Amino acid sequence: MIECQGDEREFTRNLGLLKTIDLSSNNLTGEIPYEITDLCELITLNLSKNCLLGEIPLKIGQMKKLLTLDLSKNKLSGGIPSSMSQMTLLNDLDVSYNRLSGRIPSSTQLQSFEPARYEGNPGLCGLSLSRKCPGDEKSQVPLVFGKNVGDGEDIDELDRWFYIGGASGFSTGFWIACGILLVNRRGRHAFFQFYDSIKDWAYVKVMVFVVNLPEVIRR
């Protein structure tokens with residue numbers, strides 16, 4: 001129902017054809033009627049500078065042709081509906097100075113607006129603001145394994161423990177092998193016989209190579 005120059009007119013059938021609604025600075029109270037989300041042809045909606053309460057309608061995202069949405073300077077509470085991430089044509093948004101809270105929905109469109117369009121809502125958080133949401137700090141801490149900083153130098157703990165483990169393993173294996181050879185007499189004799197045979201084989205190979213080297217060079 002709209003009163004104009006003393007005449008009251010009720011619009012019902014033609015509401016779906018509305019392109020622009022500007023009811024700013026009218027001291028409006030109460031909640032935003034959820035039926036407003038049925039105005040799918042709406043391009044501009046300005047309800048700023050009123051005393052509107054309650055939450056932003058959850059299905060506001062179905063107003064996909066909306067280019068401008070101004071809900072600033074009201075007393076709206078709750079979170080920004082996740083359905084707003086579907087409003088890909090939205091190029092002007094202002095929800096500043098309300099009582100909104102929670103995370104700004106993940107959307108390239110919503111996160112492209114300046115932080116000033118969200119300010120005045122102490123409970124809001126997200127990528128568009130310097131105020132991080134609970135848990136964001138942990139997820140953004142880079143995972144650095146084995147890096148310590150001391151006296152201006154980075155020490156790679158992973159490499160350090162790799163070399164320590166390798167050295168420990170080698171020394172342990174070496175002394176186990178020596179212990180077995182010292183205790184097992186038969187094994188000790190077999191080992192040295194094997195060692196002598198390898199040494200003799202290597203000696204023969206080297207001598208044959210040295211003898212044949214001049215002939216190889218002449219070729």
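Filtering the range 90-108 down to residues that are in a loop (DSSP other than H, G, I, E, B) and within 17 Å of the chain's Cα centre (by Cα), which residue is farthest from GLY78 (Cα to Cα)?
Residues of the range 90-108 in a loop (DSSP other than H, G, I, E, B): 90-91, 95-98, 104-108.
Now restrict to residues that are within 17 Å of the chain's Cα centre (by Cα): 104-108.
Details: ILE104: 11, PRO105: 13, SER106: 17, SER107: 18, THR108: 21 Å.
So, considering only residues that are in a loop (DSSP other than H, G, I, E, B) and within 17 Å of the chain's Cα centre (by Cα), the one farthest from GLY78 (Cα to Cα) is THR108.
Small (Gly, Ala, Ser), open to solvent by less than 20 Å² (accessible area, probe 1.4 Å), out of contact with any Phe, Trp or Tyr (no Cβ under 6 Å at 6 or more places or on another chain) and farther than 17 Å from GLY126 by Cβ: is that true of SER48 in this structure?
Working: small (Gly, Ala, Ser): yes; open to solvent by less than 20 Å² (accessible area, probe 1.4 Å): yes; out of contact with any Phe, Trp or Tyr (no Cβ under 6 Å at 6 or more places or on another chain): yes; farther than 17 Å from GLY126 by Cβ: yes.
When the stated conditions are applied, SER48 passes them.
Given the options SER130, SER101, name the one that is touching a Cys at 6+ places or on another chain (Cβ under 9 Å) and more than 23 Å from THR44 (Cα to Cα).
Numbers: SER130 fails: touching a Cys at 6+ places or on another chain (Cβ under 9 Å).
Selected residue: SER101, the only one of SER130, SER101 that is touching a Cys at 6+ places or on another chain (Cβ under 9 Å) and more than 23 Å from THR44 (Cα to Cα).
Somewhere in the range 71-89, is a residue open to solvent by 10 Å² or more (accessible area, probe 1.4 Å), part of a loop (DSSP other than H, G, I, E, B), closer than 19 Å to LEU18 by Cβ and at pLDDT below 95?
Within the range 71-89, one or more residues are open to solvent by 10 Å² or more (accessible area, probe 1.4 Å), part of a loop (DSSP other than H, G, I, E, B), closer than 19 Å to LEU18 by Cβ and at pLDDT below 95.
Pairs needed: first member in the range 23-36, more than 8 Å from LEU52 (Cα to Cα); second member anywhere, at pLDDT below 95 and among the charged types (D, E, K, R); C-beta distance under 8 Å; at least 6 residues apart or different chains.
TYR34/LYS59
Starting from the range 44-64, keep only residues that are closer than 18 Å to THR20 by Cβ, then list their pairs with residues that are modelled with pLDDT of 95 or more and among the acidic types (Asp, Glu) whose Cβ atoms are within a distance under 8 Å, requiring at least 6 positions of separation or different chains.
Correct list of pairs: LEU45/ASP70; ASN46/ASP70; LEU47/ASP70; SER48/ASP70; SER48/ASP94.
Which one is most open to solvent (accessible area, probe 1.4 Å) among residues in the range 7-34 that are out of contact with any strand residue (DSSP E or B) (no Cβ under 8 Å at 6 or more places or on another chain) and at pLDDT 90 or above?
The extreme case among them is TYR34.
Being assigned to a loop (DSSP other than H, G, I, E, B) and within 19 Å of LYS49 (Cβ to Cβ) is the filter; apply it to the range 115-134 and report the residue that is nearest to the chain's Cα centre (by Cα).
In this case the residue turns out to be TYR118.
When both residues are 6+ apart or on different chains and their Cβ atoms are under 9 Å apart, which pairs have a first residue that lies in the range 100-117 and is over 15 Å from LYS132 (Cβ atoms) and open to solvent by less than 50 Å² (accessible area, probe 1.4 Å), and a second that is modelled with pLDDT of 85 or more and acidic (Asp, Glu)?
LEU100/GLU55; PHE113/ASP92; PHE113/ASP94; ALA116/ASP94
The values are calculated or read from the model by the stated rules, or taken from the named source; none is laboratory data. All values reported here derive from a predicted model rather than from experimental measurement. Quick reminder, even Gly has a Cβ in these numbers, built from the backbone with ideal geometry, and neighbours come from all protein chains shown. Only protein heavy atoms, including side chains, enter the accessible area calculation; ligands, DNA and RNA are left aside. Shrake-Rupley method; radii C 1.70, N 1.55, O 1.52, S 1.80 Å.
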